[in-house]
1. Given the -39500 (n - 2.57) contribution per DSSP H run of 4+ residues, what per-residue ellipticity at 222 nm results for the chain, rounded to the nearest 500 deg cm²/dmol?
2. So which residue, out of Gly250, Gly233, Gly97, gets the largest mean-square fluctuation from a GNM of the chain using Cα contacts under 10 Å as springs?
3. Would you mind working out the magnitude of the charge dipole of segment 100-174 relative to its Cα centre, with +1 at each Lys and Arg C-beta and -1 at each Asp and Glu C-beta, to the nearest 20 Debye?
4. Relative contact order for segment 3-146: what percent, with Cα pairs under 8 Å and sequence separation of 6 or more?
5. Cα gyration tensor of the chain, axes a ≥ b ≥ c as square roots of the eigenvalues: rounded (a/c below 1.5), prolate (a/b > b/c) or oblate?
6. If r is the Cβ-Cβ distance from Thr300 to Arg364 and R0 is 25 Å, what FRET efficiency results, to the nearest 0.05?
7. Take the alpha carbon atoms of segment 313-392, find their center, do the same for segment 205-238, and report the distance between the two centers in whole angstrom.
8. Would you mind getting me the FRET efficiency between Arg158 and Gln261? Use the beta-carbon distance for r and R0 = 45 Å, nearest 0.05.
Amino acid sequence: MKAGAATSRLIDQPATILLIEDNAEWAGLIRELLADESHGAFTIEWVDRLAAGIDRLRRGGVDLVVLDLELPDSPAAETFCRLQAAAPDVAVVVLTGTVDEAFALGTVHGGAQDYLLKTEINGPALARAIRHARERHRLQSELRRANAQMWRELAMAREVQRALLPPAEFVFPAGAAPGARVLQFHCRYQPTAVLGGDFFDVWTVADGQAGVFICDVTGHGVQAALVTALVRGLLEDLNPIATDPSRLLGALNRDLHRMLQTRDLPILTTAFYLVADPARGLLRCANAGHPCPLLCQRATGAVQPLPADRGPVLGMLDDAAYPSYPVTMADGDAVLLFTDGLYEVPVAGAGEYGRDRLRMAVQRRCREPLAPLCDALLAEVAQFAGGQPFHDDVCLIGMEMGDGTRSPTVTGRA
């Protein structure tokens, strides 16, 4: 069946049309023209005031309104808006006589389906405008319903994505004995869209050792979120080798290369992975094109990047290597892992916030408690941007080594 034939039958179906026109002669002419052209398809009701039209619409059963903008009980500039507020789901064709055409066209931009000039009205034009207005309104209604369904599904996907992330604050390992060395985590996650392209996780890779993973998929939205979900699934499968950062990133790179490159999906994914052993005060870390985390040495006040050479981004080269490096941490030392959305914040005339500013901001707050430090960094970057929203997803993870005396009680993934 041709689409045009289906549309023709739909727009010729019977309809109740409400005519709101204060001039009886014009109302009679319009009713006569419609009766001649519609061949009985339209039932026409007439009222001469906007208030009466709104009352009729509240009773339901009206498919379309033919609306004169110039009515005794409403200024022309307000007529359409008042009608639309009272009946937003009814199609409207605007009639205008003395109001200029540009104004009438503005009502179409505001939601009316069509407009007609009284000076140019005739039967075929009026009937065609009404039929086409009904069809456009039907398509717009279907689009609104589809969009509403899409946003409901995106909202659900956002909740699922958030549920897969660790809590904002937790301690590793859970249930550690009093006085034992633990890792305290403080996490901040701010996607710019409903779904984000940043992902992080913390989990047990061996007795008393935590795997800490952060990644950034280019872009944001559905595509980036799907890739982060893929990365999370691959990490689950790679848990047997998760004690070795070099092997884990190498295997993750090969898996992503196989899955994405063969499907012509040139998606860039950076990642940083470390294994933390709080009992020994030791980290082992490897980098796949990701911004280097900052090590905050509380005793000296020194702040420096973790010494891990940046390997290639994940999924681009099948045989990429990701060497791992050891790092020692003392009690009270902290590591800040983040995505580039934290510092790639441009401001006209001032460049971007940048890594150097970020390091200096951490330096100034090196001895502050970790949670206020993370919040202060986000606030400073936002202030630099003049209060404007971040342009990219932001993920910030603070990890502090200590005895857990100030630790929150929430725990992460086992």
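1. -11500 deg cm²/dmol
2. Top of the fluctuation ranking is Gly97.
3. In total the dipole reaches around 320 debye.
4. So the answer I get is 24 percent.
5. prolate
6. 0.95
7. If you average the Cα positions of each part, the centres end up 19 Å apart.
8. Efficiency at R0 = 45 Å is approximately 0.95.
Where a number appears in this text, it was derived from the coordinates with a stated rule and is not lab data. These figures come from a predicted structure and were not determined experimentally. So basically every Cβ, Gly included, is an ideal-geometry build from the backbone, and we count neighbours across all protein chains shown.
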